[in-house]
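Input: a single structure, listed below in structure tokens.
We did not get these values from a lab; they are worked out from the coordinates using the rules stated. Keep in mind that this is a model prediction, so the values were computed, not measured. Using ideal geometry, Cβ is built from the backbone for each residue, glycine included, and neighbour counts are taken over all protein chains shown.
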Amino acid sequence: MADVLISAREAAPARPAAKSRLLFIDNIRWSMIILVLSMHAADTYSPFGNWYYVDRQETGFGTAVFFGVYQSFLQAFFMAALFFIAGYFAAGACDRKGFSQFARERLIRLGLPTLVYMLVIGPLTQYFLSWTWGRGGFGHQWLIHLKDGEWLSETGPMWFCAVLLLVSLLYGLIRRTGWREPQLALRGTGIVLFIAAMAAATFAVRIAIHADASVLNVHPGDIPQYVLMFAAGSFGYRGNWMLGIAERSCIGWGLLALLLSAPLFAAIVLFGGGLSGDTALYAGGFNLISAGKCLWEALVCLGMGLLMLAVYRRHFDTQGPVAKWLSDNAFGVYLIHPPILIGFALLLHGLPLFALTKALLLTMLAAIGSLAVSALILRKSPLRAII
């Protein structure tokens, strides 16, 4: 994440066709981070999802449907967009720096913040806010936490940085062999084949590995999407897709993918058991519902990606003081938001508000609090060097 959140300014392609600063990418990044906060706020009150702290109350059918649609829709594209951006800038970084320097910088920018979270922020979050640890004081429990290896699964939302680090190092090793992405134009046939490949790969993994499984706090069934989007980003750098794809093509293909996804989603919900609360088929396995869900995710992923590229490139390719401040603090927010969000959720517990109202209020409070901590504390501390 640090790599993704910093690199638009430092690693923009040094080619005549590209601008030195891609401000619309900065704006996409901090927008996705706010969506991360909204997802975790939804996890707190929704009947679906996993999070450190949940405050689930009895919800009506409409509220449950809204949460289910919103969380599923976000999950289908927002993290994949960040992997695409990371792949885009990884290609240019490898060109300029070579494997050794590329790997060293990724280890610092992605590995060190992940360790900070795993060894400090995550344990503190669990101990003081979620009350999931035993007695004996934090120091005693923290030592046990280290000895029994539980910290290795304590990536929390920093799973993104952990997975991105592994994918980046693998990419660097491939580039070290002398291989380099060919310069390809993005055409309709390629988009269709990419959606099919993503859906098929995701479906295959979810046949073999149940959705309850987790590696680095991420479901293995989501990894094909992230790896393919990272790879698409690296090809996009070589083909100058960020600036070279026509706006009309982005909007046309993006809308087509989303329009196709709508009836597919309705069929999945109607015939998959979602309306009756039976979600077993959505978890994977060799069945049509799982296959349809994988295809739906791929359509939303590509559709939203193309639409965001067109919209942000046209309307949000500038930054005033506020947008720049949001960009500068985006990674700090991502790193520190769990304890802040949970703290506000505990304060909101007794308020007689609807679940959706609480989720919206929690998103706003967590964003304000996390931005304040990032700007006033993290970016004035030694951590500034890695965030």
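Numbers below:
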| read-out | value |
| --- | --- |
| Mean separation of Cα contacts under 8 Å (6+ apart) over length of region 187-315, as relative contact order % | 37 percent |
| Fluctuation leader among ARG175, ARG187, ARG29 - the chain, Gaussian network, Cα springs under 10 angstrom | ARG187 |
| Within the chain: Cβ-based charge dipole about Cα centre, in debye rounded to nearest 20 (Lys, Arg +1; Asp, Glu -1) | 1320 debye |
| Kyte-Doolittle at least 1.0, axis length at least 15 Å by Cα - qualifying DSSP helices, the chain | 159-176, 188-208, 247-272, 288-315, 321-348, 355-376 |
| Per-residue Cβ neighbour rank within 10 angstrom, fewest leading, LYS380, LYS358, LYS97 | LYS380, LYS97, LYS358 |
| Computed over the chain: relative contact order in percent, which uses C-alpha pairs under 8 Å that are six or more apart | 27 percent |
| Rg to Rh quotient for region 276-356, alpha carbon positions, Kirkwood Rh | 1.13 |
| Estimated inter-spin distance, LEU184 and ALA266, nm [label 7 Å along Cα→Cβ] | 3.4 nm |
| All lysines inside 28 Å of LYS380 as judged from Cα atoms, apart from same-chain residues fewer than 8 positions distant | LYS324 |
| Pair SER276, LEU361: separation of 7 Å Cα→Cβ label points (nm) | 3.7 nm |
| Residue order, fewest to most surrounding Cβ atoms within 10 angstrom, among THR202, THR59 | THR59, THR202 |
| Alpha carbon convex hull of region 175-326, projected area averaged over orientations, nm² | 12.0 nm² |
| Mean-position separation - Cα centroids, region 251-269 and region 54-68, in angstrom | 24 Å |
| Dipole of the chain [Lys/Arg +1, Asp/Glu -1 at C-beta], most positive-end residue of VAL373, ALA246, CYS301 | ALA246 |
| Cut-off 14 Å between beta-carbons: net charge of the residues surrounding GLY49, Lys and Arg +1, Asp and Glu -1 | -3 |
| Residues VAL322 and GLU58, FRET efficiency given R0 of 35 Å [Cβ-Cβ distance, rounded to 0.05] | 0.35 |
| Segment ALA200-ARG21, length gained on full extension (0.36 nm per residue, minus Cα span) | 60.9 nm |
| Where labels lie 7 Å past Cα in the beta-carbon direction, separation of LEU193 and ILE207 in nm | 2.2 nm |
| Partners for LYS97 among aspartates and glutamates (Cα-Cα distance below 15 Å; same-chain residues under 8 apart left out) | ASP3, GLU10, GLU105 |
| Interatomic Cα distance distribution for region 2-386, bins of 10 angstrom, percent | 5, 22, 33, 28, 11, 2, 0 |
| Helical mean residue ellipticity (222 nm; -39500 (n - 2.57) per DSSP H run of 4+; nearest 500) of the chain | -23000 deg cm²/dmol |
